[in-house]
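*Asks:* Please find one structure pasted underneath; my questions will follow.
The values are calculated or read from the model by the stated rules, or taken from the named source; none is laboratory data. Here the structure is a predicted model, which means the values were calculated and not measured. Positions of Cβ are backbone-derived with ideal geometry, glycine not excepted, and every protein chain shown enters the neighbour counts.
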Amino acid sequence: MKITVAGAGYVGLVTCACLAELGHYVTCIDIQKEKIEMLQNGRSPIYEPGLEPLLQKHLQNGTLQFTTDSHQAYSNPEIIYIAVGTPEKEDGTVDLKYIHVITHTIAHYIKNDVLICTKSTVPVGTNDLIKEIIYSRIPSNIKAEVVATPEFLREGSAVFDFFHGDRIVIGTDNPEAASIMEQIYLPLKIPIITTDIRSAEMIKYASNAFLATKISFINEIANICEKVGANIEEVAYGIGQDKRIGPNFLKAGIGFGGSCFPKDTKALVQLAGDVEHSFELLESVIKVNNHQQSLPILKAKQKIGSLHNKKVALLGLSFKPDTDDVRESASIKIAKELIQEGAIVRAYDPIAIPNAKKVLGDTIEYAYDIRFALHEAELAIIATDWEHIKHVPLDIFHTFMEDPIIIDGRNCYPLREIQKYPVTYMSIGRANVHKSG
Ligand code: NAD
């Protein structure tokens, strides 16, 4: 089929590369010229495992093209996927300005019958608005249908997730549209759930809210474990063996970040508020997460007092491993708090330094090697559980730091292991390790 994907971000690029891999002819459009030029030259503007080779493969065989030209992108595809951003406004509501612009643009340029599929995460009712705008602007001889197709990919394994997702949700009241979408996804052999549009929109928010709830729940249990002398890892394992609960999303740490959970939880609280329902459970989830992200600073101050002029190594900048995305990263928040406290920060990340620089500028120093980050630091804070960080030889802490104090926000090291080294070590929901001797 001829498909256009609007938005060359994390969702749009994965979608266009994977649809080309399924044998479709795909055009990807973005308003950012530099992004499109990079893509036309076979380079991915984002780091996502497996993405760049797939983009290059289909660019070369002519099944994938990149453009900024709306006429080329929208005039005759059979399907248009919307994958533009839906960021958060200052008041926590969803900013739909990109959705509005893209909808008007599509309405202006389409010339043939088309299926418009919204992959962007949008508040319940938004696809009905998209429909209204499209229907009121296109000539009566063109048939356009709007389908909600929420995206569930995880950054860091997004390409894998496209081909091996748990389910595909298709929200439409039109059986013909549902059948076309089913044909697209049938080769993947992933369960397809067809619902009405509003339920599809809600499935996305409810899924993220539930996962965020699981994270805040285990973090609260971890905080209690610290006080009662239990070990969160053993507790989480014990809980997770119950099939009704399951083992995933029970890893305690310094909370969730990224471009989805923080904004989608706030958006759902807002959505509930709009219909006069106070979503207190989710409000608490958000509150717990905010507290959790400030734990490294609280623990550091408890241990060493003022952080003024203290040299701090910050390990990890992305919001999770295997991505360069620093949006709502706990690490960025920690870096900002450290600077406010007057600390001297040197941060390491294997991939995310260029994106972190856009936010933090030269307020901190950057290290492309963990050893350089640790060199002469008085405190090390681990904020992202990259494999590079989890698997460093543990003697590097006392080799490069004089009197190492480590605050591990992601429980990267087994207590049994870290106890063998002359370090002070504090993690989440586990006993502190005090430097011996
Ligand atoms: P992103 O910010 O990485 O990319 C959005 C892209 O859309 C940008 O490149 C931007 O230039 C482009 N754009 C904006 N207006 C445009 C227009 N009029 N025409 C063409 N392109 C335009 O965003 P993302 O992370 O890919 O997220 C996109 C949507 O998918 C959001 O609603 C998000 O909530 C949702 N989502 C994201 C993830 C994720 O892990 N990133 C997962 C599931 C759902």
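*Asks:* May I ask you to verify whether Lys2 is over 20 Å from the mean Cα position of the chain (by Cα), away from the ligand (no atom under 14 Å from the Cβ) and of a type in the set (D, E, K, R)?
*Replies:* yes
*Asks:* Tell me, which residue of the stretch 397-422 that is under 17 Å from Lys310 (Cα atoms) and hydrophobic (A, V, I, L, M, F, W, C) is surrounded by the fewest Cβ atoms within 10 Å (Cβ to Cβ)?
*Replies:* Phe400
*Asks:* Of the residues that sit in the stretch 394-420 and are assigned to a loop (DSSP other than H, G, I, E, B) and touching a Pro at 6+ places or on another chain (Cβ under 8 Å), which one is nearest to Ala383 (Cα to Cα)?
*Replies:* Gly409
*Asks:* Among the residues of the stretch 241-255, are any away from the ligand (no atom under 16 Å from the Cβ) and of a type in the set (S, T, N, Q)?
*Replies:* Checked against the condition, which is being away from the ligand (no atom under 16 Å from the Cβ) and of a type in the set (S, T, N, Q), the stretch 241-255 yields at least one hit.
*Asks:* If you go through the stretch 184-219, how many residues are hydroxyl-bearing (Ser, Thr, Tyr), in contact (Cβ under 8 Å) with a residue 60 or more places away in the chain and within 22 Å of Leu19 (Cβ to Cβ)?
*Replies:* Of the residues in that region, 0 qualify.
*Asks:* Another one. Could you run through the stretch 386-410 and say how many residues are in contact (Cβ under 8 Å) with a residue 60 or more places away in the chain, under 21 Å from Ile351 (Cα atoms) and in contact with a strand residue (DSSP E or B) (Cβ under 9 Å, 6 or more places away or on another chain)? Break it down into steps so the answer makes sense when it comes.
*Replies:* Quick first cut of the stretch 386-410, residues in contact (Cβ under 8 Å) with a residue 60 or more places away in the chain only: 386-387, 389, 401, 405, 407, 409-410.
If we keep only those that are under 21 Å from Ile351 (Cα atoms) as well, we get 386-387, 389, 409-410.
After this cut, where a residue has to be in contact with a strand residue (DSSP E or B) (Cβ under 9 Å, 6 or more places away or on another chain) as well, the list is 386, 389, 409-410.
Total meeting the criteria: 4.
*Asks:* Follow-up question, since we're still on this one. Please determine whether any residue of the stretch 265-273 is closer than 26 Å to Asp385 by Cα and not polar (S, T, N, Q).
*Replies:* Yes - at least one qualifying residue is present in the stretch 265-273.
*Asks:* Being in a helix (DSSP H, G or I) and of a type in the set (D, E, K, R) is the filter here, so list the residues in the stretch 15-39 that pass it. Spell out the reasoning first.
*Replies:* In the first step, residues of the stretch 15-39 are kept if they are in a helix (DSSP H, G or I); the result is 15-21, 33-39.
Within the stretch 15-39, Glu21, Lys33, Glu34, Lys35, Glu37 meet the criteria.
*Asks:* Inside the stretch 48-129, counting only helices (runs of 4 or more DSSP H) that do not spill past its ends, which hold 2 or more residues that are within 14 Å of the ligand (Cβ to nearest atom) and without any contact (Cβ under 8 Å) to a residue 24 or more places away in the chain?
*Replies:* Fully inside the stretch 48-129 and qualifying: 97-109.
*Asks:* A follow-up question, please. Could you tell me which of the residues Gly12, Gly42 is outside any helix (DSSP H, G or I), closer than 27 Å to Pro187 by Cα and of a type outside the set (Asp, Glu)?
*Replies:* Criteria check complete, one pass: Gly42.
*Asks:* Still on this structure: Within the bounds of the stretch 130-143, is there any residue that is under 18 Å from the mean Cα position of the chain (by Cα) and of a type outside the set (Phe, Trp, Tyr)?
*Replies:* No, the stretch 130-143 has no match at all.
*Asks:* Kindly provide the set of residues from the stretch 300-313 that are buried (at least 22 other Cβ atoms within 10 Å of the Cβ) and either under 10 Å from Ile407 (Cβ atoms) or of a type in the set (Val, Ile, Thr) (or both), ordered by number.
*Replies:* Scanning the stretch 300-313 gives Ala300, Val312.
*Asks:* Just give me the residues in the stretch 366-393 being assigned to a helix (DSSP H, G or I), of a type in the set (D, E, K, R) and out of contact with any Asp or Glu (no Cβ under 9 Å at 6 or more places or on another chain), in sequence order.
*Replies:* Here is the first cut: in the stretch 366-393, the residues assigned to a helix (DSSP H, G or I) are 370-374, 387-390.
From what's left, of a type in the set (D, E, K, R): 371, 387, 390.
Hits for the stretch 366-393 are Arg371, Lys390.
*Asks:* Considering the stretch 185-222 alone, what residues qualify as being part of a strand (DSSP E or B) and crowded, with 18+ Cβ neighbours inside 10 Å?
*Replies:* Thr194
*Asks:* Which of the residues that make up the stretch 336-351 are over 16 Å from Asp385 (Cα atoms) and either in contact with a strand residue (DSSP E or B) (Cβ under 7 Å, 6 or more places away or on another chain) or in a strand (DSSP E or B) (or both)?
*Replies:* Leu338, Ile339, Ala343, Ile344, Val345, Arg346
*Asks:* Kindly list, by first and then second residue, each pair from a residue in the stretch 10-35 that is within 8 Å of the ligand (Cβ to nearest atom) and charged (D, E, K, R) to a residue that is assigned to a helix (DSSP H, G or I) and at pLDDT 95 or above, limited to pairs with Cβ atoms under 7 Å and residues at least 6 apart or on different chains.
*Replies:* Close Cβ pairs satisfying both conditions: Asp30/Ile36.
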